[in-house]
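*Asks:* Please see the structure below; I have some questions.
The values are calculated or read from the model by the stated rules, or taken from the named source; none is laboratory data. Keep in mind the model is a prediction, meaning the values are calculated, not measured. Only protein heavy atoms, including side chains, enter the accessible area calculation; ligands, DNA and RNA are left aside. Shrake-Rupley method; radii C 1.70, N 1.55, O 1.52, S 1.80 Å.
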Amino acid sequence: LCEGASTEQACAVAERLSRRLAQHNPALSWMPASLMASRGDRDEALALCRTAAQAGGNPADLHQASRIALEVAVASRALDSTLNRADEVLAEALRHAPSDDDLLVMKALISHLQGRFDEEVRLYRIVLKNQPRNDVVLNNLAYALSEGLDKPSEALEKINELITLTGGRNPEFLDTRGVILM
């Protein structure tokens, strides 16, 4: 991302500026975290995300810190220590905004990566109380029920509900139903 003389200079300026902003407002620590994540420095990126989440800030800052933590977790290829640290960022963000559906979905995704399918399903059910027609959550719930918890009957109910709601033409949802039927 930061290769080439002019690009390296721009990245250096962006890093200095983002660190300065984070110094004045820790909720903005997600800004340098984003740069660190793009460089592959997972540890520093997660530490900065945690700082941003602990600061609370507004929902947009919590979402950014959590999104970066999730991206780092996915990129880590399921390293337990990285997943646990990303999970801590989401837990901290949820302490400030416990009913934020976007944060709950991100936490569910990390739970999935950790193999904690009961927790993943629990979080998706919370989101569905507020957003009963959320396509992504219904699809992920059906998949987790089938593949994670070995409950294909309940999973088939959920995916069929989703396919009916959306008119039955989404290949991703049909693929999930195929996986459940297999």
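*Asks:* Leaving out ligands, DNA and RNA, what percent of the accessible area of the chain is carbon and sulfur, probe 1.4 Å? List each step's numbers first, then the result.
*Replies:* Working: 4920 of 9630 Å².
Ligands and nucleic acids excluded, carbon and sulfur reach 51 percent.
*Asks:* Turning to a different aspect of this structure: Express in Å², to the nearest 10, the accessible area of H112 obtained by rolling a 1.4 Å probe over the protein heavy atoms while all chains stay in place.
*Replies:* 60
*Asks:* Ordering L138, L149 by accessible area with a probe of 1.4 Å, largest first, what comes out?
*Replies:* Details: L138 0, L149 40 Å².
Output order, biggest surface exposure first: L149, L138.
*Asks:* Counting only residues 5 or more places away or on other chains, whose amide H sits under 5 Å from the amide H of K151 once H atoms are built in the peptide plane?
*Replies:* S146
*Asks:* Between G40, G57, G167, which gets the highest mean-square fluctuation from a Gaussian network model of the chain, Cα cutoff 10 Å?
*Replies:* It is G167.
*Asks:* Using Cα pairs under 8 angstrom and six or more residues apart, how large is the relative contact order of the chain, in percent?
*Replies:* Averaging sequence separation for qualifying contacts and normalising by length gives 12 percent for the chain.
*Asks:* Restricting to DSSP H runs of at least four residues, report the calculated mean residue ellipticity at 222 nm for the chain, -39500 (n - 2.57) per run over all residues, nearest 500 deg cm²/dmol. Walk me through the intermediate numbers first.
*Replies:* Details: 10 runs with 140 residues, N = 182.
Mean residue ellipticity at 222 nm (helix-derived): -25000 deg cm²/dmol.
*Asks:* Keeping every protein chain in place, order R177, R122, R77 by accessible area at 1.4 Å, biggest value first, i.e. largest first. Write down the numbers at each step before the final one.
*Replies:* Working: R177 75, R122 120, R77 200 Å².
Descending accessible area places them as R77, R122, R177.
*Asks:* Output ³J(HN,Hα) for the stretch 124-129: one whole-Hz value per residue in order, computed from phi by the Karplus curve 6.51 cos²θ - 1.76 cosθ + 1.60 with θ = phi - 60°, and x for Gly and Pro.
*Replies:* Each residue of the stretch 124-129 in turn: 4, 5, 4, 4, 5, 5 Hz.
*Asks:* Please turn the phi angles of the stretch 39-50 into ³J(HN,Hα) values with the Karplus equation 6.51 cos²θ - 1.76 cosθ + 1.60 (θ = phi - 60°), one per residue in order, whole Hz, x for glycine and proline.
*Replies:* Each residue of the stretch 39-50 in turn: 8, x, 8, 4, 4, 5, 4, 5, 4, 5, 4, 5 Hz.
*Asks:* So if each residue of separation counts as 0.36 nm, and I subtract the Cα-Cα distance between L21 and D43, what length gain in nm does that give? Working shown, then result.
*Replies:* Working: separation 22, 0.36 × 22 = 7.92 nm, distance 2.00 nm.
This chain segment gains 5.9 nm when fully extended.
*Asks:* Tell me which label goes with the value of percent of Cα pairs over 31 Å apart computed from the coordinates here: [x] 21; [y] 10; [z] 26.
*Replies:* Recomputing percent of Cα pairs over 31 Å apart here picks out [z].
*Asks:* What is the extension gain from N84 to A10, computed as 0.36 nm multiplied by their sequence separation minus the C-alpha to C-alpha distance, in nm to one decimal? Provide the component values of the computation, followed by the final result.
*Replies:* Details: separation 74, 0.36 × 74 = 26.64 nm, distance 3.25 nm.
Result for the pair: 23.4 nm of gain on full extension.
*Asks:* Averaged per residue, what accessible area in Å² does the chain show with a 1.4 Å probe, protein chains only? Before the final figure, lay out each step's value.
*Replies:* Values: 9630 Å² over 182 residues.
Result: 53 Å² of accessible area for each residue.
*Asks:* Can you tell me how much longer the chain between L128 and E161 gets when fully stretched, taken as 0.36 nm per residue apart minus their C-alpha distance, in nm with one decimal?
*Replies:* Working: separation 33, 0.36 × 33 = 11.88 nm, distance 1.28 nm.
Answer, rounded to one decimal: 10.6 nm.
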